[in-house]
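Participant: Here it is, the structure in full.
Please treat every number below as a calculation from the coordinates, not as lab data. Quick caveat, the model's predicted, so the values are computed rather than measured. Backbone-built Cβ (ideal geometry, glycine too); neighbour counts: all protein chains shown.
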Amino acid sequence: MAFRAESPQTHLVLRTLFEAPEQWHYGYDLSRTTGLQPGTLYPILARLTERGLLISQWEFEAPEGRPRRHLYRLSETGVVHVARSATPVVRVERRGRRAQLATGEG
């Protein structure tokens with residue numbers, strides 16, 4: 001299955017999830033890890049889910065006093081896609097209040 005070119009932010013999300021592909025991740029955790037703001041992150045997660053690269057589900061039970069979280073992890077197709085990707089490692093460099101993407105060997 002061929003996919004169109006992805007943004008550096010999308011690659012960052014995919015690579016982050018690829019570090020622990022069997023683990024479920026929630027949006028806030030991914031936002032903190034990647035440095036992406038929710039307005040950037042959640043549309044990426046929705047697109048990747050629609051494309052079949054991610055599996056998403058609601059948390060079964062939430063601790064008292066907190067709503068259930070939406071959880072994400074790579075699908076088998078997503079793992080293969082990231083593993084075959086020749087994209088350089090992307091990391092976030094924080095400068096003041098804004099996060100900037102930088103590529104590098106990693």
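Participant: Suppose we keep only residues that are closer than 22 Å to Ala20 by Cβ, of a type outside the set (A, V, I, L, M) and assigned to a loop (DSSP other than H, G, I, E, B) within region 62-80. Which one would you say is farthest from the chain's Cα centre (by Cα)?
Facilitator: Within region 62-80, the first condition is being closer than 22 Å to Ala20 by Cβ, and the residues that meet it are 62-63, 68-80.
Right, trim to of a type outside the set (A, V, I, L, M) and you get 63, 68-70, 72-73, 75-78.
Filter once more, keeping what is assigned to a loop (DSSP other than H, G, I, E, B): 63, 68-69, 75.
On the way: Pro63: 24, Arg68: 19, Arg69: 15, Ser75: 12 Å.
So, considering only residues that are closer than 22 Å to Ala20 by Cβ, of a type outside the set (A, V, I, L, M) and assigned to a loop (DSSP other than H, G, I, E, B), the one farthest from the chain's Cα centre (by Cα) is Pro63.
Participant: Quick one: count up the residues across region 1-51 that are of a type in the set (A, V, I, L, M, F, W, C), surrounded by 15 or more Cβ atoms within 10 Å (Cβ to Cβ) and not in a loop (DSSP other than H, G, I, E, B).
Facilitator: 10
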